[in-house]
1. Could you work out how much longer the chain between residue 290 and residue 256 gets when fully extended? Use 0.36 nm per residue separation minus the Cα distance between them, nm to one decimal.
2. Quick one: Cα convex hull volume of segment 95-194, Å³ per residue?
3. Quick one: which of 8/66; 98/147; 147/238; 303/336; 240/309 span more than 26 angstrom between C-alpha atoms?
4. Mind checking which of 279, 258, 133 has the largest fluctuation in a GNM of the chain, springs on alpha carbons under 10 Å?
5. With n ≥ 4 as the cut-off for DSSP H runs, can you work out [θ] at 222 nm for the chain, using -39500 (n - 2.57) per run divided by the number of residues, rounded to the nearest 500?
6. Is segment 36-167 rounded, prolate or oblate when judged by the Cα gyration tensor, a ≥ b ≥ c being the square roots of its eigenvalues, rounded requiring a/c under 1.5 and prolate requiring a/b larger than b/c?
7. If contacts are Cα pairs under 8 angstrom and at least 6 residues apart, what is the relative contact order of segment 248-313 in percent?
8. Note the full-extension length gain between residue 113 and residue 208 as 0.36 nm times their separation in residues minus their Cα-Cα distance, in nm to one decimal.
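Rule-based calculations on the coordinates, nothing more; no lab input. Predicted, not measured: the structure shown is a model, and the values here were computed from it. Using ideal geometry, Cβ is built from the backbone for each residue, glycine included, and neighbour counts are taken over all protein chains shown.
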Amino acid sequence: MTKEEKDKEPLRIGVYVCHCGGNISDVVDVERVAEVISHDEGVVVSRDYIFMCSDPGQNLIAEDIKEHGLNRVIVASCSPDLHEATFQNVLDKNGLNKYLYMHINIREQDSWVHSHEHEKATEKAIRLIRGAIAGVRHEKPLEPIMKDATKRALVVGGGISGLTAALDLADRGIAVDLVEKQPFLGGRITQLTKLFPTDVSAKEVIQEMVNRVVNNSRITIRLNTEVVEGSGAIGSFKVKLRTIPRGVQGIDNPDEVIDSCPVEVPNEHDYGLTTRKAIFIKCPDAYPNELAIDWENCTRCGKCVEAAKGGKITLDDTPSEEEIVVGSIIMATGFKPYEPAEGEFGYGE
Ligand SMILES: Cc1cc2nc3c(=O)[nH]c(=O)nc-3n(C[C@H](O)[C@H](O)[C@H](O)COP(=O)(O)OP(=O)(O)OC[C@H]3O[C@@H](n4cnc5c(N)ncnc54)[C@H](O)[C@@H]3O)c2cc1C
Ligand code: SF4
């Protein structure tokens, strides 16, 4: 049969609704779901079964592919993360392209989250499967492709997630550009003291990681930097980075310089409980242990320049841009704490 003929073949969809022991069927009326779906256009087999992922469950699909000439398969069960590949393998082993498959999650996204709403959960399962039936109509057989990837990665965010990712990639021999928009590494962990559940000191954890990152020749740390443009695809992304100058280099008297600055703003490091100056250091053990200028609040009055001894403070440097090519990008940009509205969760009361 030619590809064109295959594309025009009438749809022969097999739908399998899993009980997952009772994880699904204690809430969703799986027999009813399978029965209702069996009347949908293109569906030639619609079954429910206690454990679709078991060998007998997989055999049901294998036999139906042979006996009923299925050309699309839908399994409504647990998360695709767990078993999508399991069922795709069944298609693969039985002569059906594995991309003619769709996995629907009626456990995490249905029975578990609507455990007290049996009727509505059953209706939701039917609607989710109908969505999949509409989807598989448009599926085409695909072939996996191999593509060369640039052996360089971009990690956006220099908190503990970004540091971990950068070290992991570097240990695999991949060059890493670690981009952090603030002038200091570490992210939110630097705001904590002892960490749950191990009771280890946050300061020690982060210092140990920062030391490894700083001393790893495969990792380029880019502080005060953000991604401003990006294009390309997996294997080769072109990314434009914009770095704003730190403004400060090698000052011998940081405390006096900080004292000289007349601008005082809420200190985000302690959620605004104290204030800091427009020339500042994030915390005593920050990396790098060097002052930085908060350009949003700096008035460029020049007082810090007058007070500085040793290195230099420059207030008129302009941002620089650089384009790099990387094979992959990891976003590790962290979180902002949610500020509830007055009264929400009792906030402010
Ligand atoms: C009050 C509190 C207590 C906690 N206690 C614990 C605990 O005891 N144990 C525990 O394990 N966890 C705890 N956590 C959670 C822990 O702090 C976080 O899981 C962890 O810090 C997240 O790290 P991260 O790197 O993903 O994000 P972050 O620490 O938020 O780091 C993200 C980094 O990305 C940077 N960034 C953001 N956007 C961009 C951008 N566009 N370009 C470049 N850089 C960017 C940010 O400046 C930041 O440095 C606690 C959290 C809170 C709020
Ligand atoms: S130039 Fe900016 S950082 Fe320096 S003292 Fe004035 S306000 Fe502060």
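1. On the way: separation 34, 0.36 × 34 = 12.24 nm, distance 1.34 nm.
Roughly 10.9 nm would be gained on extension.
2. Working: hull volume 23.7 nm³, N = 100.
Output value, Cα hull per residue: 237 Å³.
3. 303/336; 240/309
4. Maximum fluctuation in the GNM of the chain, among the listed residues, is at 133.
5. On the way: 9 runs with 98 residues, N = 349.
-8500 deg cm²/dmol, from helical runs alone.
6. Note, shape of segment 36-167 comes out oblate.
7. Numbers: 101 pairs, mean separation 31.2, N = 66.
Result for segment 248-313 is 47 percent.
8. Taking 0.36 nm per residue and subtracting the Cα distance, the gain is 30.2 nm.
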